[in-house]
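**Q** Please read through the structure below; I'll follow up with questions.
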Amino acid sequence: MSNQPATQGAARPARARGGWTLGIGDAEIVLAGARRALFVMTGVLAVIWALQIANWADKYHLTLTYGIRPRDVSSLPDILLAPFLHFSWTHIEGNSGPLFIFGFLAAYRGIRKFAAVTAIVVVTSGLAAWFFEATRSVGAGASGVVFGYFGYIMVRGLFDRHAIDLLVGAVMALSFAYQFAVLLPRQGIGWQAHVGGLVGGVLAGWLLREKRATARAAKPAKGAAGVGSAGTVALPPASGSQPAKIGKAGGKGLAVDPSNPRAELYKQLDDMGL
């Protein structure tokens with residue numbers, strides 16, 4: 001985000017050890033998600049560039065009117081509009097590439113989750129600009145959202161325990177490490193919105209992490225049918241005979257009533273460890 005003085009114009013993924021997954025899943029599902037992400041981000045960029053054309057034709061009146069004016073209560077709703085507005089062609093060109101790349105990577109695992117991530121980073125970056133940017137300035141631009149997607153991509157694999165997503169996040173962090181330079185205070189750059197977006201992206205990764213129940217599923221329910229609290233197995237009695245007495249016998253094997261017609265079968269099953 002830049003600021004200017006106000007006077008200016010379904011298949012399960014493969015599971016690895018320790019509860020991690022490769023995070024690939026069914027190839028068709030991943031490709032379908034990638035197609036949707038491509039269409040969504042193409043649409044987002046089309047809207048931003050259409051607004052830029054109208055904004056440029058109107059001498060950037062839209063940006064000056066709907067940009068974020070710090071600590072002006074009437075400007076609070078503008079935090080939802082400012083990411084779509086820019087101050088110049090250079091400004092929008094610099095944001096478009098990273099916005100498309102990071103937005104696509106944030107969206108390919110699900111559009112609903114992507115919408116939630118977008119809402120979080122728009123609010124956190126906008127509030128950071130509203131609270132902390134210089135008085136009598138106007139802030140606008142998609143760079144706060146770019147940093148939000150960036151932060152989300154970097155931590156998503158860690159929180160979701162997806163090895164592939166973790167690798168993608170590491171590659172993006174290394175490839176775009178230079179972006180961290182604009183997190184530092186600099187005249188004319190809305191670094192506060194960048195920091196707010198980055199924090200929002202990490203927060204979104206935590207809030208929207210996948211809550212898998214594998215640990216709970218691995219544990220048998222207490223008192224489940226056929227399993228006693230002491231770990232003994234209840235076998236059905238033979239018809240017309242006394243029920244088998246089954247329990248712990250000195251901590252070893254099963255104790256079966258010898259008079260039961262199936263006693264020999266139970267003994268063989270016990271010897272086999274079944």
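The values are calculated or read from the model by the stated rules, or taken from the named source; none is laboratory data. This one's a predicted model, so the numbers in the text were calculated from it and none came from an experiment. Glycine gets a Cβ as well: all are built from the backbone with ideal geometry, and neighbour counts include every protein chain shown.
**Q** Counting just the residues of the stretch 80-111 that are of a type in the set (A, V, I, L, M) and in a loop (DSSP other than H, G, I, E, B), which one comes out farthest from Pro70 (Cα to Cα)?
**A** Only one residue tops the list, namely Leu85.
**Q** Hey, another quick one. Give the residues of the stretch 40-68 that are in contact with a Gly (Cβ under 8 Å, 6 or more places away or on another chain), not hydrophobic (A, V, I, L, M, F, W, C) and not in a helix (DSSP H, G or I), sorted by residue number.
**A** Across the stretch 40-68, the qualifying residues are Lys59, Tyr60, Gly67.
**Q** Does Asn3 fit the bill of being of a type outside the set (Asp, Glu), surrounded by 14 or more Cβ atoms within 10 Å (Cβ to Cβ) and either modelled with pLDDT under 95 or outside the structural domain of Ala128 (by TED's automatic domain parsing) (or both)?
**A** Yes, satisfied.
**Q** Any residue that is of a type in the set (Phe, Trp, Tyr), more than 16 Å from Ala173 (Cα to Cα) and assigned to a helix (DSSP H, G or I) - is there at least one of those in the stretch 112-122?
**A** Yes, because at least one residue in the stretch 112-122 is of a type in the set (Phe, Trp, Tyr), more than 16 Å from Ala173 (Cα to Cα) and assigned to a helix (DSSP H, G or I).
**Q** When you scan the stretch 125-149, how many residues do you find that are among the polar types (S, T, N, Q) and at pLDDT 95 or above?
**A** So the count comes out to 1.
**Q** Follow-up question, since we're still on this one. Out of the residues in the stretch 64-86 meeting the condition of being of a type in the set (Val, Ile, Thr) and under 14 Å from Arg136 (Cα atoms), tell me which one is surrounded by the most Cβ atoms within 10 Å (Cβ to Cβ).
**A** Going through the qualifying residues, I end up with Ile68.
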